[in-house]
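See below for the structure under consideration.
The values are calculated or read from the model by the stated rules, or taken from the named source; none is laboratory data. This is a predicted model, so every value here is computed, not measured. Cβ placement follows ideal geometry from the backbone for every residue including glycine, while neighbour counts extend to all protein chains displayed.
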Number of protein chains: 2
Amino acid sequence: MADKITSRSQDYSQWYIDLVRSAKLADYSDVRGCMVIRPNGYAIWEKMQAALDAMFKETGHVNAYFPLFIPESYIAKEAEHIEGFAPECAVVTHGGGEELAEKLYVRPTSETIIWASYKKWIQSYRDLPILINQWANVVRWEMRTRLFLRTTEFLWQEGHTAHATKEEASEEVLRMITIYKKFAEEYMALPVIMGRKTESEKFAGADETFCIEAMMQDGKALQAGTSHHLGQNFAKAFDCQFQTSAGELDFVWATSWGVSTRLIGALIMAHSDDRGLVLPPKLASRQVVVIPILRGDKTAVLEQADAIVCTLKKHGIPAFVDSSDQNSPGWKFAEYELQGIPLRIELGPRDLAGKKCVVARRDTLEKTELPLDDTFSMQVSEILNSIQQNLYDRALSFRNEKTVEVKSYEEFKTAVENGFVIAHWDGTDETESKIKEETKATIRVLPEEQEYLDRYTMMEPGVCIYSGRPAARKVVFAKAY
Amino acid sequence: MADKITSRSQDYSQWYIDLVRSAKLADYSDVRGCMVIRPNGYAIWEKMQAALDAMFKETGHVNAYFPLFIPESYIAKEAEHIEGFAPECAVVTHGGGEELAEKLYVRPTSETIIWASYKKWIQSYRDLPILINQWANVVRWEMRTRLFLRTTEFLWQEGHTAHATKEEASEEVLRMITIYKKFAEEYMALPVIMGRKTESEKFAGADETFCIEAMMQDGKALQAGTSHHLGQNFAKAFDCQFQTSAGELDFVWATSWGVSTRLIGALIMAHSDDRGLVLPPKLASRQVVVIPILRGDKTAVLEQADAIVCTLKKHGIPAFVDSSDQNSPGWKFAEYELQGIPLRIELGPRDLAGKKCVVARRDTLEKTELPLDDTFSMQVSEILNSIQQNLYDRALSFRNEKTVEVKSYEEFKTAVENGFVIAHWDGTDETESKIKEETKATIRVLPEEQEYLDRYTMMEPGVCIYSGRPAARKVVFAKAY
């Protein structure tokens, strides 16, 4: 088993780092800010990819792949875009032993290289919509890095769509942020607030950015996915016009949307505990570990352990046995708790005699006995579903507890150290940036979901907590990763 | 429909380019030598990935992800490796607006960055074997590029394994080249010759390279996959030692193996024709297109078309209808032939009345009638299997026809313009490089498969066709992509 993990209460940041390394999820490499995603971590990404990819395809999207390198002149075509991204790019100046005539940027995001292609592909409304997604690596030079959450290179998917009308693009933006919300809640067991970003927090080059925001166990916010309405900005930058069905010329409307390997960081920080990783069963490539307690008739126990795995697999539950005699059962219990296997089955000679086994849930650490009869797989499956649901419910209760509404800036400053804060804001960049400067808290989201709006009477006008000026609505503030 | 495709007989190279672009498989980007893999092309890669990934996992491999950037000092650690790769690398000199203290190479392959991690992970024989695969993009600065076959950036998988003994590494090298052969033959319908590379053709840093070689329709060879025995070379370069079960210290043994998006090029060049792409059904994401002939009672025809698709999907056959009235049936026939959909179903009012439909195979262009009864899906499935088998058989006959054995250098020079040539070789680098210089043909493979060895009595000693010196065996020469 790996080294001891610092407890969350002692040092939350150190707990996270210890956990990621002990559970062998990721390592820093010797390349500044670049991580190695180890097999245990990559397996989570593969489950995420499979679920998201299926949801993208169900909504008519197809995958493609565009170049890693972006010519400097492309990045420069969209004014806000270059201002936002150029300073954080890695730049290739030499290739094949020679200095390049034009510098190449390693993609920080692919709008520009993709719209250079779309310009060639789109002539008429008949060529629209284009609904393309790309799974890729991107590079953004980061000063302070943290495994999964903020690394110089990371993996992500980026959707880039082209539409004939503004309305169609708006629908796509909402469709995709809704898919992200569904994925976060149903697969990651992570409650999120869906809504809009303020002007200053939106994507460089977008007219509007929608996001989903989640709360971590330290009360901080983590942006878990974004969907951008790019208007006609990139079409204009790349002179991408099309003939409308009415026979006129217009610029194409665009969206882009993405989630990245930082979701793995979100998953860890939302559910895990001082023993290690806690994984929602839907994202666990191995849901059940069977640990034989080898006393007395070892053969019979091992045979029964294999039989259990076989039965579970037949019912679509990925299970495995650890029958190695190199380590004790106690060592194994701790190791698989660290790795976040959702369910542990313990099986000894006495269990065998009683035609039962002991099952231990990773989320609550509860142990119960389960009869080894015809209902076994179904019962295991029910426990797994219950773990999935419990993780969501627990995270939602936590978020509700840690969300407070404040009426004054004094209250605000204390509350924002501890969780999400709902407060009236006057809608100005000035107030937003002053609050950020003074407290490091930002406006995370202008919620769009009725349930959330109702819960906190978000649309009620009032007085800005900072400026004292009239405020049209409340917004959600938090410190963020 | 797209532009006209040049015929193979007129200009094979132009035919390939025309096909790739007309079928919307890939495009050049404005970044020198970098391609855009369009959705039709990427869908083939996704099918390839799924099949290979399953085969890797069945044999105990797991996926992980290592950094895109490799510090210059890493590349330099293995002498042959830097000599082979450094000249063709893209180099990052600036990041985050500043010049870097150490240049970063965009990975041309990942042995060095991976072995820097393995050194940290491996202490004892208990940590072995490590069986890791990575799906990634790599960059090799190419002077002459060709879509899919040779591009500056391409996608691939690279397996990197670490073992306690030389023998175990040897087994792994053979296991993986055998998996590649199985994949090429069973999925790509592409017969390949499995064997060893000569010293001069092996991977920079390997002790031994195994490969699979395929013949294209112009008689040229294409290397479709490689598996390298890296000996202890990288372990020594990165000082990666481990404690053996006997308690001694030894360097770790290594293998690496990979296939790339050039397989898509191989697939096209092996099977396609002057009408466009021909895809083996196992790699077609859409196996059947139904084209309604809309005369008379349109509704009844459209309903039946949908019913056919529904039935086929229920039986696991991916099918779709093109019922658009924008284009004629004839236009659609040509379009889906271009796209390589393996089977076309035509359905008109007369077919409906006769409870039948017309099916047209993409491989032979044969049309037959099929009754729309309970056996329908099974019959379609059988035709798809027969297409898969026919493509393989056809490619194998072609290879056999285009493979000749020669006894003199005069014969050799003529024959090698036309296909594979079996000839005696004296085993020296000198002869090999002279022949390459004079004819541009290279030794593709020293076959290892009994069937192939027997067929051409490869192991029979004789006289080198070039030098006249004694030759221990015959080898396979060809011009290559």
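If I ask for residues that are within 8 Å of chain A (Cβ to nearest Cβ), in contact (Cβ under 8 Å) with a residue 24 or more places away in the chain and not small (Gly, Ala, Ser), which ones from region B:33-44 would you list?
Result: B:Cys34, B:Met35, B:Ile37.
Listed here are the residues, each with its yes/no results for (1) more than 7 Å from chain B (Cβ to nearest Cβ); (2) at pLDDT below 95; (3) surrounded by fewer than 23 Cβ atoms within 10 Å (Cβ to Cβ).
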residue: A:Tyr65; (1), (2), (3): no, no, no
residue: A:Glu72; (1), (2), (3): yes, yes, yes
residue: A:Gly84; (1), (2), (3): yes, yes, yes
residue: A:Trp115; (1), (2), (3): yes, no, no
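Listed here are the residues, each with its yes/no results for (1) touching a His at 6+ places or on another chain (Cβ under 6 Å); (2) surrounded by fewer than 15 Cβ atoms within 10 Å (Cβ to Cβ); (3) outside any strand (DSSP E or B); (4) at positive phi.
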{"residue": "A:Lys413", "(1), (2), (3), (4)": "no, no, yes, no"}
{"residue": "A:Gly427", "(1), (2), (3), (4)": "no, no, yes, yes"}
{"residue": "A:Lys436", "(1), (2), (3), (4)": "no, no, yes, no"}
{"residue": "A:Leu446", "(1), (2), (3), (4)": "no, no, no, no"}
{"residue": "A:Asp454", "(1), (2), (3), (4)": "no, yes, yes, no"}
{"residue": "A:Glu460", "(1), (2), (3), (4)": "no, yes, yes, no"}
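Among A:Pro318, A:Pro329, which is farther than 26 Å from B:Glu58 by Cα and either modelled with pLDDT of 95 or more or not small (Gly, Ala, Ser) (or both)?
Exactly one of A:Pro318, A:Pro329 is farther than 26 Å from B:Glu58 by Cα and either modelled with pLDDT of 95 or more or not small (Gly, Ala, Ser) (or both), namely A:Pro329.
Just to be sure, is A:Lys77 surrounded by fewer than 22 Cβ atoms within 10 Å (Cβ to Cβ) and in contact with a Phe, Trp or Tyr (Cβ under 8 Å, 6 or more places away or on another chain)?
The answer is yes for A:Lys77.
Suppose the filter is under 30 Å from B:Met143 (Cα atoms), touching a residue at least 40 places away in the same chain (Cβ under 8 Å) and among the small types (Gly, Ala, Ser); does B:Ser433 pass it?
yes
For a quick check of your reading of the model, give me the residue pairs whose first member lies in region A:241-252 and is touching a residue at least 24 places away in the same chain (Cβ under 8 Å), whose second is surrounded by fewer than 17 Cβ atoms within 10 Å (Cβ to Cβ) and small (Gly, Ala, Ser), with beta-carbon atoms closer than 6 Å and at least 6 apart or on different chains.
As it stands, the answer is A:Phe242/A:Ser124; A:Gln243/A:Ser124, since those pairs meet every condition given.
Name the helices (runs of 4 or more DSSP H) wholly within region B:32-115 that hold at least 3 residues that are under 23 Å from the mean Cα position of the chain (by Cα)?
Per the criteria, B:39-58.
Being over 24 Å from A:Lys356 (Cβ atoms) and among the hydroxyl-bearing types (Ser, Thr, Tyr) is the filter here; which residues of region A:276-299 pass it?
The one that is over 24 Å from A:Lys356 (Cβ atoms) and among the hydroxyl-bearing types (Ser, Thr, Tyr): A:Ser285.
Of all strands (runs of 3 or more DSSP E) completely enclosed by region A:246-340, which ones contain at least 1 residues that are buried (at least 18 other Cβ atoms within 10 Å of the Cβ) and under 25 Å from the mean Cα position of the chain (by Cα)?
A:253-260, A:288-292
Which one of these does A:Cys89 not meet: (1) within 30 Å of A:Arg21 (Cα to Cα); (2) at pLDDT 95 or above?
All conditions are met except number (2).
Could you list all residues from region B:1-23 that are surrounded by fewer than 17 Cβ atoms within 10 Å (Cβ to Cβ) and assigned to a loop (DSSP other than H, G, I, E, B)?
Once the filter is applied, which keeps residues that are surrounded by fewer than 17 Cβ atoms within 10 Å (Cβ to Cβ) and assigned to a loop (DSSP other than H, G, I, E, B), region B:1-23 yields B:Met1, B:Ala2, B:Asp3, B:Lys4, B:Ser7, B:Ser9, B:Gln10, B:Asp11.
Could you tell me how many of the residues in region B:86-107 are surrounded by fewer than 22 Cβ atoms within 10 Å (Cβ to Cβ), in contact with a Pro (Cβ under 6 Å, 6 or more places away or on another chain) and more than 7 Å from chain A (Cβ to nearest Cβ)?
Number satisfying all stated conditions: 1.
For region B:462-479, name all the residues that are out of contact with any His (no Cβ under 7 Å at 6 or more places or on another chain) and either of a type outside the set (Ser, Thr, Tyr) or outside any loop (DSSP other than H, G, I, E, B) (or both).
Within region B:462-479, B:Gly468, B:Arg469, B:Pro470, B:Ala472, B:Arg473, B:Val475, B:Val476, B:Phe477, B:Ala478, B:Lys479 meet the criteria.
If we keep just the residues of region A:366-405 that are under 20 Å from A:Glu451 (Cα atoms) and acidic (Asp, Glu), which is surrounded by the most Cβ atoms within 10 Å (Cβ to Cβ)?
Selected residue: A:Glu405.
Kindly provide the set of residues from region B:200-233 that are modelled with pLDDT under 95 and of a type outside the set (S, T, N, Q), ordered by number.
Passing the criteria: B:Glu201, B:Lys202, B:Phe203, B:Ala204, B:Gly205, B:Ala206.
Condition check ((1) surrounded by fewer than 20 Cβ atoms within 10 Å (Cβ to Cβ); (2) of a type outside the set (D, E, K, R); (3) within 13 Å of chain A (Cβ to nearest Cβ)) across all residues:
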{"residue": "B:Tyr125", "(1), (2), (3)": "yes, yes, yes"}
{"residue": "B:Leu128", "(1), (2), (3)": "no, yes, no"}
{"residue": "B:Asn137", "(1), (2), (3)": "yes, yes, yes"}
{"residue": "B:Leu149", "(1), (2), (3)": "no, yes, no"}
{"residue": "B:Trp156", "(1), (2), (3)": "yes, yes, yes"}
{"residue": "B:His160", "(1), (2), (3)": "no, yes, yes"}
{"residue": "B:Ala164", "(1), (2), (3)": "no, yes, no"}
{"residue": "B:Glu172", "(1), (2), (3)": "no, no, no"}
{"residue": "B:Ile177", "(1), (2), (3)": "no, yes, no"}
